Amino acid sequence: MSREIDNDLDVLGRRNGVQSNWQDVYEPSKLVARETLRIIVSFINEKNIHLVADEIYAATAFNQPGFISIPEIIEEIDCNRDLIHIVYSLSKDMGFPGFRVGIVYSYNDAMTSCARKMSSFGLVSTQTQHMIASMLLDDIFVEKFIAKSAERLAKRHELFTKGLAQVGIGSLKSNAWLFFWIDLRRLLEDSTFEFEMALWRVIIHDVKLNVSPGSSFHCSELRWFNVCFANMDDETMRVALRRIRRLCDCQDAMLAKQS
Ligand SMILES: Cc1ncc(COP(=O)(O)O)c(C=O)c1O
């Protein structure tokens, strides 16, 4: 989002009594509040800008305030619906990346007609469609699956962040997503991009954990690393925590030697 749009949103937000960090709108680990979504929809409507809402992590919400979908917002406020498009996929919250099933939901007939024509380049097989339709039509299954998934994500998130806190590693507060941001400031020898990349190489090659440096997401603050906490079993998580603890101990010993 450009600085100009950020400023315009700030003005509109203040006018409606909402103070928001607009960058959070891109952050899948933080659920966007209803008031913020209302401001965004009013804003794009006023400026005649198309809104593409990527709701791929919709069902990964594991804590309050809960996920709010854009269709709920446009029921509440007047807007030109031709500007509203939603993309979704079963890859994340249903855990089906291999099935390659994605959805474009648009209120704009020209957009849906175009998407329908384009879909011939990446059709989902009829067998897959049949299986997915049977699964999604089973309301009881879907409800149970999503509730269980949220319960497991919350539990794992708590265990992992507590384990990290024991070795002095903080994490960005979050309530959704399959990943979270950990703060590796205590392991950075200096706050430069080079040191962040050097630490990342140590974690990948020596500690053998797959994390991503914030700079690869254009994060302006050095020290944040992205970790997936949902794709492993409890024992693998314990191994990861042991390795991180060992890395911290080595770093502490090195710093003690230097001082
Ligand atoms: C925000 C977001 N949107 C879309 C995708 C694409 O998902 P897929 O192509 O696996 O359905 C991803 C995958 O990482 C994602 O994180």
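In the structure shown, do any of Lys92/Lys117; Lys162/Lys208; Lys173/Lys208 have a Cα-Cα gap over 23 Å, and if so which?
Distance filter (> 23 Å) returns Lys92/Lys117; Lys173/Lys208.
For the range 3-137, taking Cα atoms only, what is the radius of gyration to one decimal and the Dmax to the nearest whole Å?
So, for the range 3-137, Rg and Dmax equal 16.7, 51 Å respectively.
So how tilted is helix 34-47 from the main axis of the chain? Cα-based, degrees 0 to 90, rounded to 10.
That works out to roughly 60 degrees.
Given Cα pairs under 8 Å that are at least 6 residues apart, what percent is the relative contact order of the range 146-258?
It comes to 26 percent, rounded to a whole number.
With a Förster radius of 25 Å, plug the Cβ-Cβ distance of Val142 and Arg34 into 1/(1 + (r/R0)^6) and report the FRET value to the nearest 0.05.
Computed FRET efficiency for Val142 and Arg34: 0.60.
From Cα coordinates alone, what are the radius of gyration and Dmax values for the range 51-199 in angstrom?
That works out to 19.8, 55 Å for Rg and Dmax.
So if the hydrodynamic radius of the chain is defined as the Kirkwood radius over C-alpha pairs, what does Stokes-Einstein give as its diffusion coefficient at 20 °C and 1.002 mPa s, in µm² per second?
D = 102 µm²/s.
Relative to the Cα centre, what is the charge dipole magnitude of the chain, using +1 at the beta carbon of each Lys and Arg, -1 at the beta carbon of each Asp and Glu, and rounding to the nearest 20 debye?
860 debye
Under a point spin-label approximation (7 Å from Cα along Cα-to-Cβ), what is the Ile49-Ser220 distance to one decimal in nm?
1.6 nm
What percent of all Cα-Cα pairs in the range 146-258 falls into each 10 Å bin, going from 0 up to the bin containing the maximum distance?
13, 47, 31, 7, 1, 0
By how many nm would the segment from Glu72 to Arg116 grow when fully extended, if each residue of separation counts as 0.36 nm and the alpha-carbon distance is taken off?
Gain on stretching Glu72 to Arg116: 13.4 nm.
Run the dipole for the range 146-258 about the Cα centre, Lys and Arg Cβ at +1, Asp and Glu Cβ at -1, nothing else charged, and hand back the magnitude in debye, nearest 20.
In total the dipole reaches around 360 debye.
Pick out which of Ala61, Ala33, Ala150 has the largest mean-square fluctuation in a Gaussian network model of the chain, springs linking Cα atoms closer than 10 Å.
Taking springs between Cα atoms under 10 Å, the residue moving most is Ala33.
Would you mind computing, in nm to one decimal, how far apart the modelled labels at Thr192 and Ile5 are, each placed 7 Å from Cα along Cα→Cβ?
In this crude label model, Thr192 to Ile5 measures out at 3.4 nm.
Any idea how far the Cα center of the range 101-117 sits from the one of the range 180-250, in Å?
39 Å
Under 17 Å between alpha carbons, and skipping anything fewer than 8 positions from Lys155 in its own chain: which aspartates and glutamates qualify?
Asp93, Asp233, Asp234, Glu235
Return the loop-located GluC sites (Glu not before Pro) in the range 147-220 (DSSP other than H, G, I, E, B) with at most 16 other Cβ atoms within 10 Å of their own Cβ; answer none if there are none.
Glu189
No value in this document is a laboratory result; all are computed from the given coordinates. Owing to the predicted nature of the structure, the values given are computational and were not obtained by experimental measurement. Quick reminder, even Gly has a Cβ in these numbers, built from the backbone with ideal geometry, and neighbours come from all protein chains shown.
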